[in-house]
Each structure stands twice: as C-alpha cells, then as structure tokens.
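Asker: This is the structure I want to talk about, given as structure tokens.
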Amino acid sequence: MISENKIITEGYSTFLLESGNKENETIILLHGGGPGASAASNWQDFIPGLTDQFHVLAPDLLGYGKTDHPEDMPKSLRGWMRLRVNQVLSMMDQYEIKSAHIVGNSMGGSLAMHLLMTAPNRFNRISLMGSAGGKAEPTQEVERMVNFYKDPSISALENLTKWFVYDESILQEKVDSIIKDRYEELMRPEVRRSFESFFSSSPAEMAIPPSALRRMEHPILITHGREDRFVTPDSSVYLNQHIPNSQLHIFNHCGHWIQIEKRDSYLQLLKGFLNEKF
C-alpha cells in the first residue's frame with residue numbers, strides 16, 4: 001500500500017509517497033526533471049518492488065507536482081538544487097531518519113550527488129539511474145525538453161514521452177493516460193512558472209566537479225540505458241571514472257526510464273546492491 005502525505009519542509013508544503021515498514025532501512029526515491037514529472041509518474045509502479053525490505057519515501061521535489069511552488073523563485077538552476085537539498089534533509093529530519101539510501105533518476109541523480117556534497121554522513125548507498133551531473137553533450141531531445149513551453153502542445157508531449165523509452169510498446173495502453181495526466185499537470189500556471197525558472201539557465205549547471213566526485217566515498221551503483229537520448233551513457237561512464245567506489249551497469253535496448261523498461265532486472269540489481277551482496 002502506498003500512502004500520500006504532506007509535511008512542512010523549510011517553510012514549504014512537501015507532498016510525498018510513502019510505503020513499507022518504518023522499522024526497515026529507508027530508501028529515498030528522487031524523480032527526474034522532465035515536463036510534468038512527479039514522484040507518482042516516476043515511481044508508483046516501482047515502489048511495490050521495494051517495500052518487502054525497505055521503508056520508501058518519494059517526494060515531489062520543490063517546483064514539481066503537488067509540492068509547493070515558490071513565489072520568490074531562485075535565479076539559477078543551482079539555486080533550485082540548493083532548495084531541494086534542504087527540502088530532502090528537512091524531510092529526513094521530520095521523519096527522524098538519521099541516514100538513508102538514495103535512488104536518483106536523471107535530475108534526481110544530480111540532486112543525490114549534491115546531497116552527498118552537503119551532508120555525506122546522512123546517506124549510505126546510492127544508485128544513480130540515467131543521472132544528470134556527469135559530462136555529456138546536450139542532445140536535440142534535451143533541447144526539446146527544456147524548451148517544451150515554446151510549443152506546449154499535446155503532440156509535442158507525446159513525442160517526448162515516447163522518446164524517453166527505447167521501445168514505446170512497453171508503455172502500451174498507458175500512453176494516453178500518461179500524456180493526459182502530464183499535460184493537465186503542465187498546464188497549471190505554477191508548474192509552468194517553476195519549470196521555466198529552473199531551466200532558465202543551462203542544464204550543465206547540474207554537473208558535479210571532478211574534485212567533488214573523487215571525494216564521494218559512498219558505494220554507488222551507476223546504471224544507464226544504452227539508448228538513452230536525454231542523458232547519454234557517456235555521462236555515467238564519466239561518473240564511474242571519477243567516483244572511487246562506484247560500479248557501472250549499462251542496460252541494452254533501454255532508454256531514459258530504466259525503472260519502467262527494465263523494472264524487474266533493475267530491482268534485482270538494486271536490492272542486491274543495497275543488501276551489500278556486492
């Protein structure tokens with residue numbers, strides 16, 4: 001069972017999904033930054049695979065979903081990341097969680113590494129999935145994504161949604177409902193305002209300096225879809241080269257949403273990693 005909760009973090013109302021036994025280790029799931037992204041859209045079908053062993057928290061990050069959208073918005077992408085770092089740490093304090101594991105997808109992966117730079121003692125094992133924060137050339141798909149509101153049409157959103165996966169048939173009958181739900185979300189004025197503010201500067205601002213990466217001593221599982229066109233695999237290769245205690249797994253025939261296209265394989269890999277079997 002997945003419950004929906006709201007808590008106050010740093011003066012903002014944070015919406016989150018919660019599941020699993022609170023006596024178990026906590027794993028925090030951080031969603032990506034695409035148009036209409038949220039904890040539910042990223043994780044609702046993935047969470048049940050973790051709750052037999054873990055207490056799971058998946059927040060809507062500040063500026064996304066049902067979490068508050070600041071009136072006084074940061075002037076840069078890094079400013080947004082700082083607010084989200086504080087949001088996650090405050091959420092952990094509210095739940096009296098001393099330390100947790102993290103899974104970060106795309107933007108959420110960069111956020112995970114920003115959390116390690118800020119409060120390394122609060123985190124245990126980390127999995128970066130199609131993560132931003134490495135070194136990769138922007139693709140045409142990313143350019144379309146960050147400039148979505150230049151053509152905020154259903155057809156543009158449908159294209160983006162299908163491009164996120166290698167094989168669009170994996171979405172099957174869910175395509176129409178995904179697009180409908182995301183489009184309704186995107187048309188909310190506060191969502192548009194937050195998205196355009198966040199991407200008013202280059203996504204390259206999410207990159208983590210090599211000097212910071214080599215100081216991350218946590219065990220880190222890096223995963224990537226070989227056919228990912230939003231964050232290309234060379235980004236994860238770069239992270240693996242610079243993070244000392246990291247391992248890299250590339251999924252073939254897989255795009256940006258590993259948790260959807262390779263759900264079962266990734267769950268098996270992730271749970272083995274979190275249980276320190278390798």
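The values are calculated or read from the model by the stated rules, or taken from the named source; none is laboratory data. Predicted, not measured: the structure shown is a model, and the values here were computed from it. Reconstructed Cβ throughout: ideal geometry from the backbone, glycine too, with neighbour counts over all protein chains shown.
Asker: Collect the residues in region 51-80 that are more than 18 Å from residue 205 (Cα to Cα), over 15 Å from the mean Cα position of the chain (by Cα) and not polar (S, T, N, Q), keeping them in residue-number order.
Answerer: Passing the criteria: 52, 54, 55, 66, 68, 69, 70, 71, 72.
Asker: Report, by residue number, each residue of region 185-206 that is in a loop (DSSP other than H, G, I, E, B) and within 16 Å of the chain's Cα centre (by Cα).
Answerer: Within region 185-206, the first condition is being in a loop (DSSP other than H, G, I, E, B), and the residues that meet it are 187-188, 199-202.
199, the sole residue that qualifies.
Asker: Sticking with this structure for a sec: For the list (1) within 30 Å of residue 147 (Cα to Cα); (2) out of contact with any strand residue (DSSP E or B) (no Cβ under 6 Å at 6 or more places or on another chain); (3) of a type in the set (Ser, Thr, Tyr), I need the number of the one condition that residue 95 fails.
Answerer: Condition (1) is where residue 95 drops out.
Asker: Out of everything in region 40-51 that is part of a loop (DSSP other than H, G, I, E, B) and out of contact with any helix residue (DSSP H, G or I) (no Cβ under 9 Å at 6 or more places or on another chain), what residue ends up being farthest from residue 111 (Cα to Cα)?
Answerer: Step one: of region 40-51, the residues part of a loop (DSSP other than H, G, I, E, B) are 44-46, 50-51.
Applying the additional criterion that residues be out of contact with any helix residue (DSSP H, G or I) (no Cβ under 9 Å at 6 or more places or on another chain) yields 44, 51.
Values: 44: 20, 51: 23 Å.
Restricting to residues being part of a loop (DSSP other than H, G, I, E, B) and out of contact with any helix residue (DSSP H, G or I) (no Cβ under 9 Å at 6 or more places or on another chain), the top hit is 51.
Asker: OK, next. If the requirement is being of a type outside the set (D, E, K, R) and touching a strand residue (DSSP E or B) at 6+ places or on another chain (Cβ under 6 Å), which of these qualifies: 79, 134, 108?
Answerer: Working: 79 fails: touching a strand residue (DSSP E or B) at 6+ places or on another chain (Cβ under 6 Å); 134 fails: touching a strand residue (DSSP E or B) at 6+ places or on another chain (Cβ under 6 Å).
108 is the lone residue from the list that is of a type outside the set (D, E, K, R) and touching a strand residue (DSSP E or B) at 6+ places or on another chain (Cβ under 6 Å).
Asker: Follow-up question, since we're still on this one. Tally time: how many residues in region 168-184 are over 29 Å from residue 81 (Cα atoms), in contact (Cβ under 8 Å) with a residue 40 or more places away in the chain and either touching an Asp or Glu at 6+ places or on another chain (Cβ under 7 Å) or part of a helix (DSSP H, G or I) (or both)?
Answerer: Taking region 168-184 and keeping what is over 29 Å from residue 81 (Cα atoms), we get 168-177.
Filter once more, so that each one left must be in contact (Cβ under 8 Å) with a residue 40 or more places away in the chain: 170-171.
Restricting the remaining residues to those that are either touching an Asp or Glu at 6+ places or on another chain (Cβ under 7 Å) or part of a helix (DSSP H, G or I) (or both) gives 170.
Residues meeting the conditions: 1.
Asker: Can you find even one residue in region 96-108 that is small (Gly, Ala, Ser), at pLDDT 95 or above, under 16 Å from residue 203 (Cβ atoms) and assigned to a helix (DSSP H, G or I)?
Answerer: Yes, that holds for at least one residue.
Asker: Name, by its number, the condition in (1) in contact with a Phe, Trp or Tyr (Cβ under 6 Å, 6 or more places away or on another chain); (2) surrounded by 15 or more Cβ atoms within 10 Å (Cβ to Cβ) that does not hold for residue 269.
Answerer: So residue 269 meets the others, but not (1).
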